[in-house]
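Beneath this line is the structure, given in structure tokens, with notes to follow.
The values are calculated or read from the model by the stated rules, or taken from the named source; none is laboratory data. This one's a predicted model, so the numbers in the text were calculated from it and none came from an experiment. We place every Cβ from the backbone using ideal geometry, glycine too, and count neighbours over all the protein chains shown. With ligands, DNA and RNA removed, areas are computed over all heavy atoms of the protein, side chains included. Shrake-Rupley method; radii C 1.70, N 1.55, O 1.52, S 1.80 Å.
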Amino acid sequence: MQESPPPRPSTYAEAGVSIAAGNALVRAIAPLARATRRPGADAELGGFGAFFDPRAAGFRDPLLVAATDGVGTKLRLAIATGRHGGVGQDLVAMCVNDLLVQGAEPLFFLDYFATGRLDPDVAEAVIAGIARACAEAGCALVGGETAEMPGMYAAGDYDLAGFAVGAVERGQQLTGAAIRPGDAVLGLASSGAHSNGYSLIRRLVEGLDLDAPAPFAPHETLADALLRPTRLYVRSLLPLIRAGQVRGLAHVTGGGLLENLPRVLPEGTRALLDGSAWRWPPLFGWLAERGAVTPAEMLRTFNCGVGMAVVVAPGEADAVAAALRAAGETVLALGRIEAGRRGVEIAGDGWTAAHDA
């Protein structure tokens, strides 16, 4: 009886995973990560973990604060248009802006990039955006994971997750407990839709040419307007937090002002905001008109032009606003804190929206 020939050796590459491509990507992004070094973090990429020394970063008795997030379905627009450079900043900003709300300085960041088949050019573009944003936020990119998983993702698809750790000296953390009736609520302008509400945005732009001029901003394409990266607020706000001039912060993400601001208000306080105090950027007006979206639904879904809410003592409002403008922020006087049921009320021209926590 004739014996069957031995089976041909199988390889991981034949199954769709290229270890060589992954290693090449690590070598390509190593200089990007190296450029984000800061006191406390100076290790090279490639280890099983990363050390951080809070004392070298200047902390004496720090509390660590952690945050994790993704970019969501905004990635679908990035993939569809081949514009990958901005989503890295989105990933970092969604995490470090959350750390800031606790009064924490971002220290280090790690990313997770998952795809069906690794495209080194796409991955490097994404991670380059992550590194740039880390450098702007003052946190070190200390590592990450690139996962190539054939069969899990359609061709060209990828997903992102980020993880950030910050620190604040014990006793200096922001909890919202210092907020009092009479305090002023300022708003810092957003750069666009940031990274929230994109399932609705994608539905509203379905069938449109994303490379055509934006109907609300003809000087740029619709894709560029929708993919503008999330604004980083670390450099402008951190000095004011450390100076004790901020009583509370709310990062305006999913849920908008209506649902995020109450998260930092103590019991017995209510934010009363003037909906006519700021003009919604044209993007949001166009989305509302195109989808017949009510003001309440817009304010619950999008930031509507306000990326961060800042609560300050009434006597500090002018000084804080001036410092933020000097740091490059557009500052809006949104309203005040009053005694009442914990929540937010926004009244505009002929409409009102409210949310009780």
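Tabulated results
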{"item": "Subset of region 205-221 that is small (Gly, Ala, Ser) and under 23 Å from VAL293 (Cα atoms) - its residue that is most open to solvent (accessible area, probe 1.4 Å)", "result": "GLY207"}
{"item": "Subset of region 69-123 (residues that are in a helix (DSSP H, G or I), in contact (Cβ under 8 Å) with a residue 40 or more places away in the chain and not aliphatic (A, V, I, L, M))", "result": "LYS74, ARG76, THR81, GLY88, GLN89, ASP90, CYS95, ASN97, ASP98, PRO120"}
{"item": "Output for region 129-141, where each listed residue is open to solvent by less than 20 Å² (accessible area, probe 1.4 Å), touching a Gly at 6+ places or on another chain (Cβ under 8 Å) and either in a helix (DSSP H, G or I) or more than 12 Å from LEU238 (Cβ to Cβ) (or both)", "result": "GLY129, ILE130, ALA131, ALA133, ALA140"}
{"item": "Index of the failed condition, ALA80 passing every other in (1) under 16 Å from the mean Cα position of the chain (by Cα); (2) at pLDDT 95 or above", "result": "(1)"}
{"item": "Matching residues, region 320-331, being over 10 Å from SER236 (Cα atoms) and open to solvent by 30 Å² or more (accessible area, probe 1.4 Å)", "result": "ALA322, THR330"}
{"item": "Strands (runs of 3 or more DSSP E) contained in region 253-356 and holding at least 1 residues modelled with pLDDT under 95 and over 28 Å from ALA177 (Cβ atoms)", "result": "352-356"}
{"item": "Leading residue by the ranking (farthest from LEU240 (Cα to Cα)) among those in region 256-275 that are surrounded by fewer than 22 Cβ atoms within 10 Å (Cβ to Cβ) and out of contact with any strand residue (DSSP E or B) (no Cβ under 8 Å at 6 or more places or on another chain)", "result": "GLU267"}
